[in-house]
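Heads up: the structure comes next, in structure tokens.
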């Protein structure tokens, strides 16, 4: 896996959108009227504007238990992929404006937009941490950028984040006890 900070680039802005089980079931029912539940119970799309003008996209999902999963949900990340390049003449403010603008219907934007930099507040919900603890998988969270990462012991502190490269990853159980 390549580092996001490769070649000296940094994250200028990030847009995140999460889908609940109800939203996913509604979308499933819209296209397949089979009465079955959707394959996923949670999804998150993240788009990052990097300092070189590249827009990266990551898709994370939580699959419902299948016949061979022993009743446990399965987390999967499709990894970072290049989604687009920022058009010539456009800036970080334009990227932020696109994702934070209200919908045409007047509803608020479903995207949460954050900018990188000093003083950035990262909120990791207790429900998200509890899901990680209850899953039994070794999942940790970066307290700097909010990304989740596999292969982290429950009581770990100071692991290096695969997304931002900072040594700020903590195990899920450790975050609950802090």
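The values are calculated or read from the model by the stated rules, or taken from the named source; none is laboratory data. Owing to the predicted nature of the structure, the values given are computational and were not obtained by experimental measurement. Cβ atoms come from the backbone with ideal geometry, glycine included; neighbour counts cover every protein chain shown.
The figures follow:
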read-out	value
Evaluation of residue 127 against (1) within 18 Å of the chain's Cα centre (by Cα); (2) in the same structural domain as residue 8 (by TED's automatic domain parsing) (one fails), failing number	(2)
Hits in the range 145-166 (condition: in contact with a helix residue (DSSP H, G or I) (Cβ under 9 Å, 6 or more places away or on another chain) and crowded, with 20+ Cβ neighbours inside 10 Å)	148, 152
Single unsatisfied condition, residue 144 versus (1) in a loop (DSSP other than H, G, I, E, B); (2) farther than 21 Å from residue 53 by Cα; (3) at pLDDT 85 or above	(3)
Residues (closer than 22 Å to residue 61 by Cβ, free of Cβ contacts under 8 Å to residues at least 60 places away in the same chain and not in a loop (DSSP other than H, G, I, E, B)) located in the range 147-170	149, 169
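Residues checked against (1) closer than 18 Å to residue 20 by Cα; (2) exposed (fewer than 11 other Cβ atoms within 10 Å of the Cβ); (3) touching a strand residue (DSSP E or B) at 6+ places or on another chain (Cβ under 6 Å):
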residue: 44; (1), (2), (3): yes, no, yes
residue: 49; (1), (2), (3): no, no, yes
residue: 55; (1), (2), (3): no, no, yes
residue: 74; (1), (2), (3): yes, no, yes
residue: 80; (1), (2), (3): no, no, yes
residue: 89; (1), (2), (3): no, yes, no
residue: 100; (1), (2), (3): no, no, yes
residue: 108; (1), (2), (3): yes, yes, no
residue: 111; (1), (2), (3): yes, no, yes
